[in-house]
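First the structure, in the form of structure tokens, and then the observations on it.
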There are 2 protein chains.
Amino acid sequence: MKILEVLRENGRISVAALAERVGISRANAYTRFEALRADGAIKRFTAEIDPVRTGLGITALIFVTVRQQMWKQFRAELARMPEVEYCAITTGQHDAMILVRMGDVAAVHAMVTDRLANIPAVKATETVFILDEVLKRPYVLPSDGEKARTARRPAQEAQGGEVPLGMMRFVGAAEGRAALQKDT
Amino acid sequence: MKILEVLRENGRISVAALAERVGISRANAYTRFEALRADGAIKRFTAEIDPVRTGLGITALIFVTVRQQMWKQFRAELARMPEVEYCAITTGQHDAMILVRMGDVAAVHAMVTDRLANIPAVKATETVFILDEVLKRPYVLPSDGEKARTARRPAQEAQGGEVPLGMMRFVGAAEGRAALQKDT
DNA sequence: GTTGAAATTAGTACGAA
DNA sequence: TTCGTACTAATTTCAAC
């Protein structure tokens, strides 16, 4: 876990320096480093690039409602959209959330109306713009939430707490979400 | 741009190998590599870690409505939540979107009710779960969208296109969003 | 899991095109 | 700006412990 903590902050650190930071020997660091990669715990190393510096100053979220039993097609179309940085299938009112980065607002509009809307699998979309990315961490590790988890009370206790009830709500999955499997 | 393309896929590549992949000399690669870092185009290098492998199998999006003129406090509280991987200020129905990774559903519930709801700046929340992360790219580059952009028609043309109108909608900013500045 | 030495590779500094 | 090369420093590999 210590190794992961170091590597997510500095992916280009040498294994020798990593060994020193973590407090193990060089050879051991190499062994564990390799094991983490082979295991898939470390998926890859990447450079964090400033999108604004490369001309992609507009970031938008597109919430997509997918026609049931057309998920496979939706996924296939997504793979052909390189300007999509992130896509997740969600519970709630919409079925998927897409994050795109574009050069200008018009490009977002074109993306939504020309490309997304023309996919038969897409039933409806809703677009919001990102005004500011407050924080973006490479990846959260369990050690990050340690304080929060130890301080966590059991659900029963929490319910009787000082939280104004009715203030928040969970949104369940839309009907027909059984069609969510990747092969449908 | 070629350098960035290589580095986002392999952040640990040696500068020598990078030079070869891009087709420039080793010395030049060092110069440009340094320039990109100094410029801020490359913000940092990081390891992509599989959250499931580290025990964080649950991912949730929390949409937050923030009490106006309490943005500063909201931001301050966010900084104290290490389990938050991403937070963006958005237009639309909600004011912010938070992505958290936790060990189980109960932890998400505790996070929302105990931690978020207790922040005075938080007026309301809405939580959805992420069922599948279809794609996650390190960062989108302008070269990715080249095909899409050249194929893009002007807005007027697009409007007259074969897109079923009324099928999608943009969601404007909520009222009072003037309080969005970081110092409010 | 550690240490140490050999082989390889990376990073730096220059002059020239 | 870019390239080629020589030089120095560091990293990785591999061995024995």
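Quick note: the coordinates plus some simple rules give every number you see, no bench work behind them. Remember, predicted model here, so these are calculated numbers, not experimental data. All Cβ positions, even for glycine, are placed from backbone atoms using ideal geometry, and neighbour counts span all protein chains on display.
Would you mind checking which residues have amide H under 5 Å from A:Glu48's amide H? H placed 1.01 Å from N; only 5 or more apart, or other chain.
For A:Glu48, whose amide H was placed from the backbone, the distant partners under 5 Å are B:Lys43, B:Arg44, B:Phe45, B:Thr46.
Would you mind checking which residues have amide H under 5 Å from A:Gly92's amide H? H placed 1.01 Å from N; only 5 or more apart, or other chain.
Under 5 Å from the amide H of A:Gly92 lie the amide H atoms of A:Ala173, A:Ala174, each far enough along the sequence or on another chain.
Taking B:Asn118 in one copy and the same position in all the others, each labelled 7 Å out along Cα→Cβ, what are the pairwise distances from the first, in nm, shortest first?
Copy-to-copy label distances for B:Asn118: 5.2 nm.
What list of ³J(HN,Hα) couplings, whole Hz, do you get for segment A:128-135 from phi and the Karplus terms 6.51, -1.76, 1.60, once you set θ to phi - 60° and write x for glycine and proline?
For segment A:128-135, the Karplus-derived couplings read 10, 9, 8, 8, 6, 9, 5, 8 Hz, x marking Gly and Pro.
Which chain B residue comes nearest the axis with its C-beta when you rotate B onto A, and by how many angstrom?
Residue and rounded Å distance to the axis: B:Gly11, 2.
Pull up all non-local amide H partners of A:Glu85: gap of 5 or more, or a different chain, and H-to-H distance under 5 Å with H placed in the peptide plane.
A:Leu99, A:Val100, A:Arg101
Assign unit charges at the C-beta atoms only (+1 for Lys and Arg, -1 for Asp and Glu), then state the dipole size of segment A:31-85 relative to its Cα centre in Debye, rounded to the nearest 20.
Dipole of segment A:31-85, to the nearest 20 debye: 260 debye.
Looking at this model, which pairs from A:Lys2/B:Lys2; A:Lys72/B:Lys2; A:Lys72/A:Lys136; A:Lys43/B:Lys136; A:Lys72/B:Lys136; B:Lys72/B:Lys123 are more than 23 angstrom apart at the alpha-carbon?
Cα-Cα > 23 Å for A:Lys2/B:Lys2; A:Lys72/B:Lys2; A:Lys72/A:Lys136; rest within.
Using 7 Å Cα-to-Cβ label points, what is the B:Val52/B:Ala27 separation (nm, one decimal)?
In this crude spin-label approximation the distance works out to 4.9 nm.
Can you pull out the trypsin sites (Lys or Arg not before Pro) in segment A:37-129 whose DSSP state is coil and whose Cβ has at most 15 other Cβ atoms within 10 Å?
Listed in order of number, the matching sites are A:Arg53, A:Arg80.
For the pair A:Asp132 and B:Arg37, how long in nm is the line joining their label points, each one 7 Å along Cα→Cβ?
About 3.0 nm separates the two model spin labels.
So, in nm, how far is label A:Gln73 from label A:Glu20 when the simple model puts each one 7 Å beyond its Cα toward the Cβ?
Here the answer is 5.9 nm between the modelled labels.
7 Å along Cα→Cβ for the label point: how many nanometres lie between B:Arg169 and each equivalent label in the other copies, listed shortest first?
Relative to the other copies, B:Arg169 has label-point distances of 1.8 nm.
Report the calculated FRET efficiency for B:Asn10 and B:Val171 (r = Cβ-Cβ distance, R0 = 41 Å), to the nearest 0.05.
0.60
Which FRET efficiency, nearest 0.05, do A:Lys2 and A:Arg44 yield, Cβ-Cβ r, R0 22 Å?
FRET efficiency, A:Lys2 to A:Arg44: 0.65.
Loop only per DSSP, at most 16 neighbouring Cβ atoms within 10 Å: give me the GluC sites (Glu not before Pro) in segment B:1-63, ordered by residue number.
For GluC sites (Glu not before Pro) across segment B:1-63 that sit outside H, G, I, E and B with at most 16 neighbouring Cβ atoms in 10 Å, the list is empty.
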